[in-house]
Structure formats: structure tokens, C-alpha cells
Amino acid sequence: MKAKVSSFSAKISRHLIFIAITLVTLFPIYYMLASSFKDKKEYLFNNLGIPKDFTIENFRVLFLNYPFLKWFVNSMLVTTSVVLIGTLICCLAAYGFARFDFRFKSFLIRLLISFMLIPPIIVLIPLFEFFVKLKLISNYASVIVIYIGFIIPFTIYLVYNFFITVPPELVDAAKIDGSTNLGILFRIYIPLSIPAIITSVVVNAFWVWNELLIGMVFLQKESSKTLMAGLIAFKSRSNIDLPLTMAGLLTATIPIIVLFLFSQRFFTQGLMSGIEK
């Protein structure tokens, strides 16, 4: 009897802990959502409660009085370019590592993994000096190249671990049918590695969309700022209007939420397969 009571108490304790963790995790989302639909006066006297008088005035001001839509489009352009170009480059590189044997192959793979540990701030100054000489400050080409460089190690490593599981019999059959190396890549390797590719797309898109430091340093013109860099400058100008800032942050999270919802099944498969490997 005591054992049953002890087991029941342990289950209750675990559930309470999980509920507490869930509430702590969801609170920032609730706070952002609730604050977005309050005016300044209600926010001052009811900053944690549910809005009594829902208003969309913050969103109207956001789009009409600030270049928010321009920042949004800039982020879409940069994120889409980085994800598409970077994923293609990484699939080609991972295919080379998986299909061919060459000198220093294992060393290059280990070196690639080590690059994932390099934080952007370490190379920020040399990169800035380099792009200043090229006169590419406030040019999207600079941040796109930098972002692609940072996503390459993780993406190649993730996709490579899927590529090496492709059965060699399929490759041999494709060779007999006359497929080229690119044909084998796009007809066999990529279709069989969709979970890994989707996982890398979601992770990389999430990082590029929310990245702040590089965007602030390399996109200095108001019209060229990405969304997060623009919102930081916007918050510094409107630090007494937090509901307006929350409305901007809420709008900024929508594309990532939509991307995750559409790719959730493949994303979960990719993560689970990566854990199993």
C-alpha cells in the first residue's frame, strides 16, 4: 500500500513539474500576445492580465507609421535566399563526402564539425573590414554570404549523416540506368533525406530570421534593416510604448510558426533520426 501511495505521489510530482515548466515556457508568448492588444493606458494598469478592451491600434500604427513592412520583406528576402542557396550548397558538399573517398576526408569532416563551435562575434570585426573594402555594407549580399557561411557546417553534417545511409544498391541501379552524379543526388539522395533537409531548413530559417548582431552591424541603413534589427531600433525609440513593440514581435513570430506547423512531421522525423544516429 505504501509503495502504491509513493508511486502515485511521484507521478503527481512529475506532472506538477511538467505543468510548471509548460507554464513558464508559455508565459512569454502569453505576455506578448496579451500586450499586443492593449493600449498604453491599460498596459500601465493591467500589464499581466487579459486585455479588457481589445484593440488593433498597435498593428495599425506599426504598419502605417513605421517601415515595418519593409523590414519584414527584407527579412523574407534574406532568409529565403540564405536557406535556398545554403541548402543547395550543403547538399552538394554532403553528397561529395558521402559518395567519394579522397585524402583528408575524415579530417575535413572533423574540421567542419569544429566550425560549428565558432560564435559569430569572433569573426565580426574582420568580416566588417572585409566588406567595407568591398563597399557592401548595407547590401544584402554581405549578410547573405555571412549567414550561408555560418549555416554550412551544421547543415552539411546533418545531411551527410543521412546521405551515408542511402543503400548502395540504389546508386548502382541508377548508374546502370545511365544517371549522372547530379541525377543520383536529386533523384535518390535528396528524396530519401527529406526529413534531414527539412530539419536543416527550419533550424536555419529560424536562426537567420531571429539573428540580430550581424543584421545590425552590416545593414545600417534604415531601409535595408532586417526585421529584428529594425525592431531593436524601434524599441529604443518607443521604449515607453511596449504594447507597440509587442505587436511587432508578435507579427515577427508568425512566419516561423507557420513554417514549423507545415514542416512539423518532417522536422520531428529529422530530429529523431539524428538522435538515433
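Give the angle, between 0 and 90 degrees and rounded to the nearest 10, that separates the Cα long axis of helix 227-237 from the longest principal axis of the Cα atoms of the chain. Roughly 30 degrees, rounded to the nearest 10. State which entries of Lys135/Lys221; Lys38/Lys225; Lys40/Lys225 exceed 20 angstrom in Cα-Cα distance in the structure shown. The answer is Lys38/Lys225; Lys40/Lys225.
Here the gap between Leu134 and Leu69, fully extended at 0.36 nm per residue and compared with their Cα-Cα distance, gives a gain of 20.5 nm. Note on the stretch 1-108: semi-axes of the ellipsoid equivalent to its C-alpha gyration tensor, largest first and rounded to whole Å, are 43, 37, 8.
Considering only Asn46, Asn210, Asn139, the mean-square fluctuation computed in a Gaussian network model of the chain, springs between alpha carbons under 10 angstrom, is largest for Asn46. Projecting label points 7 angstrom from Cα along Cα→Cβ for Phe102 and Ile256 puts them 3.6 nm apart.
So if R0 is 30 Å, what FRET efficiency would Thr165 and Asn210 give, r being the distance between their Cβ atoms, rounded to the nearest 0.05? The partial results should precede the final answer.
Numbers: r = 31 Å, r/R0 = 1.04.
Using R0 = 30 Å, I get an efficiency of 0.45.
Of the trypsin sites (Lys or Arg not before Pro) in the stretch 17-121, the ones in a loop by DSSP (not H, G, I, E or B) with at most 13 other beta carbons within 10 Å are Lys52, Arg103.
Find the percent of Cα-Cα distances in the stretch 115-176 that exceed 17 Å, and round it to a whole number.
58 percent
Extension gain for the segment Leu23 to Lys11, taken as residue separation times 0.36 nm less the Cα-Cα distance, is 2.5 nm to one decimal. Listed by Cβ neighbour count within 10 Å, with the fewest neighbours leading, Thr155, Thr253 appear as Thr253, Thr155. Each stretch of four or more DSSP H residues adds -39500 (n - 2.57); spread over every residue of the chain, this sum gives -25000 deg cm²/dmol at 222 nm. Scaled to the globular estimate 2.2 N^0.38 Å, the Cα spread of the chain, given as radius of gyration, is 1.27.
Every read-out reported here was derived from the displayed coordinates using simple, explicitly stated rules and does not represent laboratory data. Because the structure is a prediction, the values reported are computed rather than measured. Cβ: placed from backbone, ideal geometry, glycine included. Neighbour counts: every protein chain shown.
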